[in-house]
Amino acid sequence: MLAIWGCKDPETQAKQDRLQLEQRRISEGQAKLANGDAHGAITAFQSAAATSPEDPQPLLLLAQANKAAGNDTAAILEIKQAAELMKGGATPALKRQLAALYKEAGVQEQAIGLLTELRDANQLSDAEILSLARLQAQAGQSEAAFKTLSWIQLKRPDDPEAKVVEAEVLLVSGKEVLATKIMDRLLEQNPNRISARILRARYFLNNGYAEQAEQDLEQVKDPGPRKVELAELRARVLTELKRYPEAEAVLRPLLKDDDRNPEVLAQLAELQLYLGKVSEAQALIDQALAIRPNFGRALYVRGRVLESQGELSQAAETYGYALKSDPGFAPVLSRMWRIEKQRGQKTDAMSSLERLLYMNEATIEEKAALAELYAESHLNVERGRTLIAEALKRDPDNAHYQEVKTALGKEPVLRSRPKGPQIIRIGRH
C-alpha cells in the first residue's frame, strides 16, 4: 500500500518533470546572462519557454536577454506575449518595462501612449512623470509635455526638478530666453543642482559655447548616480574643444568600473579616430558591438571610419543601420541631414534637423540649415524666422544667414537679452 501511495500518476509526474526542466533552463540562462553571455541566455530561456508555454516568466527573462543582446524588437514581442498569458493583462510594472523598451527602440509614440495611460491612472512616480514630459518634448509634443508637468506643478509650482524639465521643454519650443532664465535662477538658488548644471552645459555645448559648458561641469563635485552621464558629457565637451587626450583620460577610468560598457567603448573609439588611430578605433567598435549588437553609437563611429576612408555610400548605409537601432541618436542625425541634403533629399534632411531641434541637440549651424530648408519649401516660416534670428544673434555679420532671413521675410519681434551666454559665476571649491 505504501508503495502504491508513493507512486504518482503519469500526468502529475510529467508536469513535475517539466517544471524541473524549466527551472534548470531558467537557472542556466540567468547564470549565462550574469556572465555577459546574452546569446547563451537566449537559448536557455527559449528552451524554458518551450517547456512551459503557459508560464510568462521565461518570456520575461527571454525579453531581458534579447534586450541585453541589442534585439529590442524581439524583447517587445516577448513582453507582449507574457502580458497575454497573465490573468488580468499587463501589470503596471510590465507596462513600464514595455515602455522602456519602446523608448530604447525609438518607438516614441508607443512609449508615450503607455506612460500616459499609467499617468492618468496615477501609477507614475514624480521621476517617471518628468521622464514622460521629456519624451513628449523630444517627440515635438510641447503642449502635451506641459500638461504632463502640471501633474507635479499644480501641487508644487516651484518644484526644482520639474522646473529643470520645464526649461528643457521651453528650449525645444524655441523659447530660449525664458528657458535660460529658469536655468540661471535654479543655479542661483542651488549651485549644486546637478540636473540644472547638466542641462545648461548641454545648452552651451549645442550653441557653440564649449568653454562655458566646461565651466558649468566643473562646478559638479559629487555627481552621485549621474557619474557616468557627467563623464560622458565632459568628454563630449573636451572633444569639441579638440582636447582629445583629456577626453580619453575622463573616459578610461569608467572602464575600470565596467569594462563592458558599450557607450564608453564607442566614445573611446571616436576619440581614437580623431587621434588618427583608425585600427584602435575599429577594435573598440568591434568590442562594443560584440557586447551590444546593432548599438547605435558604435555603428555611428563605424560610419565615421568609413567616411574617413572615402567610403561615403557605405558610411550612409551604416548610419541608416544606426538610426534604425536608435532613431533618436543625435550625432547620427547630424551626419545624415548633410548627406540627405547633398543628395537632394530635402524633406528627409528637414525631418532629421527637426528631430535634432526637438531633442534640444541642434547646433546654431543646424538651426540655420533648418531655417534655410523652411525658406526653400515655404513650410513652418514662423519657426524658420525664429531660428534664423537666433543664429544672427550669435553671428550678426554672417552673409548666408542674412540671405536666409531675407528669404523668410520679416523677422519676428524677439525679446532682447544680453549678447552671449548668461552665466552664473560661482567660485570653485
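One table, with the values for the structure above:
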quantity: The one condition in (1) of a type outside the set (Ser, Thr, Tyr); (2) free of Cβ contacts under 8 Å to residues at least 24 places away in the same chain; (3) in a helix (DSSP H, G or I) that residue 339 fails to fulfil; calculated: (2)
quantity: Exclusive hit being small (Gly, Ala, Ser) and buried (at least 17 other Cβ atoms within 10 Å of the Cβ), set 127, 69, 50, 121; calculated: 69
quantity: Cross-chain or 6+ apart pairs with Cβ under 7 Å, segment 65-78 first and of a type in the set (D, E, K, R), then at pLDDT below 85 and surrounded by 20 or more Cβ atoms within 10 Å (Cβ to Cβ); calculated: 67/101; 72/101; 72/105
quantity: Complete set of residues in segment 48-92 that are closer than 24 Å to residue 294 by Cβ and over 21 Å from the mean Cα position of the chain (by Cα); calculated: 49, 58, 59, 60, 61, 62, 77, 78, 79, 80, 81, 82
quantity: Every residue from segment 128-165 that is of a type in the set (Asp, Glu) and touching a Ser or Thr at 6+ places or on another chain (Cβ under 8 Å); calculated: 161
quantity: Matching helices (runs of 4 or more DSSP H) fully within segment 235-332 where at least 1 residues are touching a residue at least 60 places away in the same chain (Cβ under 8 Å) and surrounded by 15 or more Cβ atoms within 10 Å (Cβ to Cβ); calculated: 278-291, 312-325
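Conditions (1) under 30 Å from residue 37 (Cβ atoms); (2) modelled with pLDDT of 90 or more; (3) not assigned by TED's automatic domain parsing to the domain that holds residue 366, marked per residue:
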position	(1), (2), (3)
201	no, yes, yes
223	no, no, yes
244	no, yes, yes
251	yes, yes, yes
257	yes, no, yes
260	yes, no, yes
265	yes, yes, yes
271	yes, yes, yes
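The values are calculated or read from the model by the stated rules, or taken from the named source; none is laboratory data. For clarity, every value in this text was computed on a predicted model and none was experimentally measured. For neighbour counting, all protein chains shown are included, and Cβ atoms are generated from backbone atoms with ideal geometry for every residue, glycine included.
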